[in-house]
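Chemist: Pasting in a structure now, in structure tokens, and then I'll have a few things to ask.
The values are calculated or read from the model by the stated rules, or taken from the named source; none is laboratory data. All of these numbers come straight from a predicted model, not from anything done at the bench. Note that we place each Cβ from the backbone using ideal geometry, even for glycine, and neighbour counts take in every protein chain shown.
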Amino acid sequence: MPTEGKTPLPALAIAGPTASGKTAAALAVAEALAPAQPVEIISVDSALVYRGMDIGTAKPTPAERARVPHHLIDIRDPREAYSAAEFVRDATQRIQDIRARGALPLLVGGTMLYFKALIEGIDDMPPADPAVRARLDAQAAALGWPAMHAELARVDPATAARLAPADSQRIQRALEVWQLTGRPLSSFHSARDTARDAGPLRIEDVFSLEPRERAWLHGRIAQRFDAMLQEGFLDEVLRLHARGDLHADLPSMRCVGYRQAWESIEGREPLATLPERGIAATRQLARRQLTWLRGMAGRTVIACDEPQALDRLVQAVRERLQAREPSA
């Protein structure tokens, strides 16, 4: 049962870049531990929360979700935002519920902001303010996001230094926090820098799928994007576009792949270049994810491009559970 105070709730996690095989790895672990230790999977993915976004997110199939219980998938409409604070709240509740059923919570995904919040906890930043966001969007339309990035560098140089000038979503949020509170976004994060393990997940309980060879991951990304197109990804985005209540600046439509498809549908980019642009954007995402993971000391690294990767992962999980058994 969970302990009181700041002691992390018992949970394990599988993190990794996109296309590293996280879904297959999670199912392999769950089925290897069953029936002696039931497992339930909690998605740590900011795209899987959205209903109707199945192909482009590589969402676990209904058959896969029937094999092992999954949580925090299909819980939001694409027009709705879903914050890291909401995720931590929901994931923590699921962890508690799963442990109460005698099962093991297995957190699986690639949204590194969510993992950071789970490990370090999260400060009480203000929620999104539609009026402020509309004003920032109008300014960006007139000046461009590089100019907005320059403004962010003036008021919050620490946050601006880690954001690309075209990262509109995060620039907007940082400026929004500044305008709402008068405090830079970095000041909220820095309060956690000396308070490690303040959330419901411990770094040493994270298993990270990382390829030894970047070319292996690049090949899988290209194969998967091509497969998504064959499976009807463009039709999926066309259906979302036809709703009429979604637009390109929503967090859901900023997801990798969806952003590029939306640009093609609206004629801002040639449809013929969609595969190239989608694959390039996915590679950039994977690079950012790997950079974050490699800065996380204490994780257990599994070389996901090795032939016996799943066997090594299952064995590592068993050893971790045995080591924790006295305090679980």
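Chemist: Hey, among 41, 98, which residue is part of a helix (DSSP H, G or I) and either in contact (Cβ under 8 Å) with a residue 24 or more places away in the chain or surrounded by 16 or more Cβ atoms within 10 Å (Cβ to Cβ) (or both)?
Modeler: On the way: 41 fails: part of a helix (DSSP H, G or I).
Result: 98 is the single residue among 41, 98 that is part of a helix (DSSP H, G or I) and either in contact (Cβ under 8 Å) with a residue 24 or more places away in the chain or surrounded by 16 or more Cβ atoms within 10 Å (Cβ to Cβ) (or both).
Chemist: May I ask you to say which residue of 278, 295, 257, 244 is small (Gly, Ala, Ser), surrounded by fewer than 20 Cβ atoms within 10 Å (Cβ to Cβ) and either on the phi > 0 side of the Ramachandran plot or at pLDDT 95 or above (or both)? Walk me through how you get there before you give the answer.
Modeler: Details: 278 fails: surrounded by fewer than 20 Cβ atoms within 10 Å (Cβ to Cβ); 295 fails: either on the phi > 0 side of the Ramachandran plot or at pLDDT 95 or above (or both); 257 fails: surrounded by fewer than 20 Cβ atoms within 10 Å (Cβ to Cβ).
Being small (Gly, Ala, Ser), surrounded by fewer than 20 Cβ atoms within 10 Å (Cβ to Cβ) and either on the phi > 0 side of the Ramachandran plot or at pLDDT 95 or above (or both) holds for just one of 278, 295, 257, 244, which is 244.
Chemist: Continuing with the same structure: Since residue 161 meets every condition but one in (1) surrounded by 13 or more Cβ atoms within 10 Å (Cβ to Cβ); (2) not assigned by TED's automatic domain parsing to the domain that holds residue 60, which condition does it not meet?
Modeler: Residue 161 satisfies every listed condition except (1).
Chemist: Could I ask something else about it? Which of the residues belonging to the stretch 44-75 are out of contact with any Ser or Thr (no Cβ under 8 Å at 6 or more places or on another chain), of a type outside the set (Val, Ile, Thr) and in contact (Cβ under 8 Å) with a residue 40 or more places away in the chain?
Modeler: Residues of the stretch 44-75 out of contact with any Ser or Thr (no Cβ under 8 Å at 6 or more places or on another chain): 51-52, 54-57, 59, 61-63, 65-69, 74-75.
Still in the list and also of a type outside the set (Val, Ile, Thr): 51-52, 54, 56, 59, 62-63, 65-67, 69, 74.
Selection gives 52, 54, 56, 67.
Chemist: Out of 313, 285, 290, which single residue is more than 18 Å from residue 26 (Cβ to Cβ), surrounded by 17 or more Cβ atoms within 10 Å (Cβ to Cβ) and in contact with a strand residue (DSSP E or B) (Cβ under 7 Å, 6 or more places away or on another chain)? Spell out how you get there, then give the answer.
Modeler: Working: 313 fails: more than 18 Å from residue 26 (Cβ to Cβ); 285 fails: in contact with a strand residue (DSSP E or B) (Cβ under 7 Å, 6 or more places away or on another chain).
Testing whether each residue is more than 18 Å from residue 26 (Cβ to Cβ), surrounded by 17 or more Cβ atoms within 10 Å (Cβ to Cβ) and in contact with a strand residue (DSSP E or B) (Cβ under 7 Å, 6 or more places away or on another chain) leaves just 290.
Chemist: Considering only residues that are touching a Phe, Trp or Tyr at 6+ places or on another chain (Cβ under 6 Å) and assigned to a loop (DSSP other than H, G, I, E, B), which ones fall in the stretch 157-183?
Modeler: Hit for the stretch 157-183 is 166, nothing else.
Chemist: Continuing with this model, one more query. Would you point out which residue out of 265, 203 is surrounded by 15 or more Cβ atoms within 10 Å (Cβ to Cβ) and out of contact with any Asp or Glu (no Cβ under 8 Å at 6 or more places or on another chain)? Before the answer, list the steps.
Modeler: Working: 203 fails: out of contact with any Asp or Glu (no Cβ under 8 Å at 6 or more places or on another chain).
Result of the check over 265, 203: 265.
Chemist: Which pairs have Cβ atoms under 7 Å, sit 6 or more apart or on different chains, and link a residue in the stretch 267-296 that is in the same structural domain as residue 217 (by TED's automatic domain parsing) to one that is surrounded by fewer than 18 Cβ atoms within 10 Å (Cβ to Cβ) and outside any helix (DSSP H, G or I)?
Modeler: 277/269
Chemist: Identify, from the list 54, 123, the residue that is at pLDDT below 95, in a loop (DSSP other than H, G, I, E, B) and over 13 Å from the mean Cα position of the chain (by Cα). If you could, list the steps in order and put the result at the bottom.
Modeler: Values: 54 fails: at pLDDT below 95.
Being at pLDDT below 95, in a loop (DSSP other than H, G, I, E, B) and over 13 Å from the mean Cα position of the chain (by Cα) holds for just one of 54, 123, which is 123.
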